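Read through the structure below, which is laid out as structure tokens, and then see the notes.
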Amino acid sequence: MKKGQQSSSKTKTNKKPGRWEDPNYVQIKSNMLSFTATIDNIREKLENRNDVKTLLSKTPFWPLIEAYMQKRLTKVECMKSNYDIVRLIKDYDTKTRKFKFNDGHSEMKIQDVAEIFGLPDRGNKLPSTTSSTRPNLHFVKKYFSGYKKITKTSIDKCLNLALEDETEEGPMDVTRLIILQLFMTNLFCNSGCTLAWTYTTTIDTLEEMGKYNWAQGIKSTKVQEEEEDAEEVNEEHDDAAQEENEEEDDAAEEVDEEHDDAAEEENEEEDDENQEHEGPSSVITLYWNSTVVDMH
């Protein structure tokens, strides 16, 4: 190793920290503010639409929708607060699915969901949305034929069209679309920002809406999403750990190579020094041998 040469330290990388490493990171799926914006955009048109209000009042979702329409849920109240959510998350045990408060534990039950959203806790189980396909419904063909997925933007566009529909289908179409937007932003929201086609079949008629236990369906969906999110986070942790190990291996390999190069260079220097010392002695030896030969 040359004089003044320092051993190489572990290679540092400017790796961007994972999103889960930020203590203030929160992935919020429910967007109450978004539904507030939808209602505000159509509020004036709904003021004289008693036909739509009458239909909405007959649905299981009327208590929640009415709260938005009467401005009991304002934009300020709907603003996201990461601080409060982080506090709740810290007190939640994903294994027991319970919140820890002081010395006790509390579990979110179906009845709690019913009271929070004003939904009835009775009825049949909602159909599975795992393999959701576009249903052969007149309502779906009428409004979503040009869309591959149900999104907030597509619902808002369809809602504006339905409000201009003066046929007998118009009021029920508006009712369905408002409920779909409620599903999208509040009740069945997900990180993909899309809504399963299956939900259009559950709100096709007022009778169909009244068949299901919506409180149970919401709770079941949230539990399933929680498990999927936990699996996703675990995969991200595993990927990050694997990437970190690979970086450590690369850094160690680089250090070893630098050490080997330094050792090889040091050996070469020693060989050069030996050759310098061996030069004069070889000449003397040669001269001595030749002298001895001449004497003989």
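When restricted to residues that are surrounded by 16 or more Cβ atoms within 10 Å (Cβ to Cβ) and either of a type in the set (A, V, I, L, M) or in contact with a strand residue (DSSP E or B) (Cβ under 7 Å, 6 or more places away or on another chain) (or both), the stretch 111-120 contains 3.
Name the residue that is farthest from the chain's Cα centre (by Cα), counting only residues in the stretch 152-174 that are closer than 18 Å to Ile39 by Cβ and of a type in the set (S, T, N, Q). Of everything passing the filter in the stretch 152-174, Asn160 is farthest from the chain's Cα centre (by Cα). Restricting to the stretch 175-186, name every residue that is modelled with pLDDT of 95 or more, among the β-branched types (Val, Ile, Thr) and within 11 Å of Thr38 (Cα to Cα). Passing the criteria: only Ile178. The number of residues in the stretch 142-151 that are under 21 Å from Leu55 (Cβ atoms) and either more than 28 Å from the chain's Cα centre (by Cα) or among the aromatic types (Phe, Trp, Tyr) (or both) comes to 3.
Selection of the stretch 47-61 for residues being part of a helix (DSSP H, G or I), within 35 Å of the chain's Cα centre (by Cα) and crowded, with 17+ Cβ neighbours inside 10 Å yields only Leu56.
Close contacts from the stretch 140-151, counting a first residue that is free of Cβ contacts under 8 Å to residues at least 60 places away in the same chain and a second that is surrounded by 15 or more Cβ atoms within 10 Å (Cβ to Cβ) and outside any loop (DSSP other than H, G, I, E, B), with Cβ to Cβ under 6 Å and a gap of 6+ residues or different chains, come to Tyr143/Cys158; Tyr147/Ser154; Ile150/Leu195. I want to confirm something. Restricting to the stretch 170-204 and keeping residues that are among the polar types (S, T, N, Q) and outside any helix (DSSP H, G or I), which single residue is nearest to Leu64 (Cα to Cα)? Ranking the qualifying residues of the stretch 170-204, first place goes to Asn190. So in the stretch 211-250, with the set limited to residues that are surrounded by fewer than 17 Cβ atoms within 10 Å (Cβ to Cβ) and in contact with a Gly (Cβ under 7 Å, 6 or more places away or on another chain), which one is modelled with the highest pLDDT? Here the answer is Lys211.
The values are calculated or read from the model by the stated rules, or taken from the named source; none is laboratory data. Since this is a predicted model, take the numbers as computed values, not measurements. For neighbour counting, all protein chains shown are included, and Cβ atoms are generated from backbone atoms with ideal geometry for every residue, glycine included.
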